[in-house]
Each structure stands twice: as C-alpha cells, then as structure tokens.
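What follows is a short report on a single structure.
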Amino acid sequence: MKHLKGNLCLTLTAFIWGLAFVAQSVGMDYVGPFTFNFLRFFVGGISLIPVMFLLRKGNFTESASKNENSIESTSHKASKNLLVISGICCGVILGIASNFQQIGIQYTTIGKAGFITALYIIIVPIIGIFLKKSIGLKVWISVAIALVGMYLLCITESLSLGTGDLFVLLCAFIFSLHIICVDYFSPKVDSVKLSCIQFFVASLVSCIGMLILESPSINGVLLAWMPILYAGIFSSGVGYTLQVIGQKYTSPTEASLIMSLESVFSLLAGWVILHERLSTKELLGCALVFIAIILTQLPDKKTKS
C-alpha cells in the first residue's frame, strides 16, 4: 500500500510539473528567469508554513515528552541539524538546476525542454558509476538510443546544439544530483520541513542571480502573478513535497521513471495550451528519448518478482 501511495504521489508530481512548463514559459514574458524562480520558490516555501504549523501542533505533546530525556533531546538536536543540512544541500542544487532550466525555456519549446529534462532518468544510473555501482549493458544501450534521440531533437541544421537545449541539458545533469540528494535525505528527515527549507534556499540562490543579472519591475511581477503562483504553490509547494514523500516508498530508479512522465505531460500541455508544434524529426527524437528512459527502468532478467 505504501509503495502504491508513493507511486501515485510521483505520478501527480509529474502531471503538475508537466503543466508547470507552460507557467514557466508564460511567466518569462514579463520577468527574467532568476526573478521568476526567486518568487516561485519563495511562494512555495511560504505555502508550506501553514502545513508545518499544523503538523507541529499535532506533534507538540510528543516533542515535549522527548525533550524531558537528555539523550533523546540530544538526538532531537542532531535530527534538526541534519534537517538544516539536507535542506541547504537540496535547496542549492534545486536552485541551480531550476535556473538553468528557466533560462533554457526562453530559447526552446516546452515539449523539447520536457524531454531533455527527463534525461535525468538515464543520468542517475550513470552517476552511480562514481558511487561505485555497477552499470549494466541495458543502461549503455539506453544511453546510445538517448544520444540519437537528442541529436534529432536538439541538433540544428548547422550541426550545433541550440542555446536553450544546452541550458536544459545542463539542468538535467543537476536535477539528477537533486534526485540522489533527496533519496539520501528524505528517509531521515521530515518531508514537509525538508521541502520548505529547500525552497527558501533555492529562492536565495535565485535572488543572488536576480540582483546581479536582472532589474525586475513591480509591473512585470504583477503581470506574471498567475504563472508565479502556479509554479510556486503547485509546482514547488505541492509538486516537490509529493516528490519527497513519494521517494520515501519508491526506489530512485522507479521514482525517476514515473517522474519522467512530466516530459509527456509537458509536450501535451504545450500542444493544447500554447499550440506549439514539433517537426517530424523532433517528434522522432522525443520518441527515442522516451524509449531510452523506459528501457533504463525495465527489470533485469536475473531479477525475480
């Protein structure tokens, strides 16, 4: 039952994130990428404070009784320190990855951005090499298929990688680190608190970029209020919290497979809402990337269910 709960949380996450590509694209008509992410993550963090308050109120008696014992109090302090460390680590990675993605969306279509971002599914097991984990032939075949798909999807007639596609590809690499980071910390700390802290940290990272590279205006922010609220409350506050909760009950590879459905949802959202169209070559590239993603997650022959 918990496994099913985790998978449902991650599926809803993928749907929310897929629609968020539309909000991110529309928001860029009024504000810069760092300003957009600064506001969306700040709103995401704020939206979780009432949730944290309600949870804290419900667990107040339990926490008070723990503090009566010095050993348990020390353990409680250590868990708080771990929560802060996890929030900072996840937040910095999330902030960097999201800003690369937001910059890239300015120069590419939503459908392409969604599929390129989903490459984290293949990148996660490759990173496992550096963590001394064995990588099977299946993954390398998936990498080869994905590379062909990326060529069809992103390489222009002049044999160069589009600027937006390059930024989104960098985002996919960094999001892979975020998945691994969340997988490590989520079983050890409170999910909602972790999400809240990482949003404020990601907002701070974006704020630094905003102050250095952009000159936001109040008028632009007011015009972008709807995309910012969707990206903040739903994509950030709800989506990333569901990710943290879902990954508690699902393996990293299975979680990344389910979350990769955001690429399909983003393509459909771009087509239905923004009337974006991809060429036959680009659609074939999307198909190959998705095949590679699915192949990566297929169980090995030796695995017994």
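The values are calculated or read from the model by the stated rules, or taken from the named source; none is laboratory data. Remember, it's a predicted structure, so these values are computed and weren't measured experimentally. Every residue, glycine as well, gets a Cβ built from its backbone with ideal geometry; the counts of neighbours run over all protein chains shown.
Structure above, values below:
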item	result
Hey, Phe234 under 26 Å from Leu295 (Cα atoms), surrounded by 15 or more Cβ atoms within 10 Å (Cβ to Cβ) and among the aromatic types (Phe, Trp, Tyr) or not	no
Members of segment 180-207 that are out of contact with any Gly (no Cβ under 6 Å at 6 or more places or on another chain) and within 20 Å of Ile105 (Cβ to Cβ)	Ser203, Cys207
Selection status of Phe36, at pLDDT 85 or above, under 19 Å from Gly164 (Cα atoms) and under 17 Å from the mean Cα position of the chain (by Cα)	yes
Residue in segment 169-187 that is of a type outside the set (Ser, Thr, Tyr), on the phi < 0 side of the Ramachandran plot and free of Cβ contacts under 8 Å to residues at least 12 places away in the same chain present	no
Cβ pairs under 9 Å, 6+ apart, first in segment 216-245 and polar (S, T, N, Q), second outside any helix (DSSP H, G or I)	Ser217/Tyr30; Ser217/Val31; Asn219/Tyr30; Gln243/Ser186
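This table checks each residue for (1) surrounded by fewer than 24 Cβ atoms within 10 Å (Cβ to Cβ); (2) within 14 Å of the chain's Cα centre (by Cα); (3) among the aliphatic types (A, V, I, L, M).
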{"site": "Ser195", "(1), (2), (3)": "no, yes, no"}
{"site": "Ser217", "(1), (2), (3)": "yes, no, no"}
{"site": "Met226", "(1), (2), (3)": "yes, no, yes"}
{"site": "Gln247", "(1), (2), (3)": "no, yes, no"}
{"site": "Pro252", "(1), (2), (3)": "yes, yes, no"}
{"site": "Leu257", "(1), (2), (3)": "yes, yes, yes"}
{"site": "His275", "(1), (2), (3)": "yes, no, no"}
{"site": "Cys286", "(1), (2), (3)": "yes, no, no"}
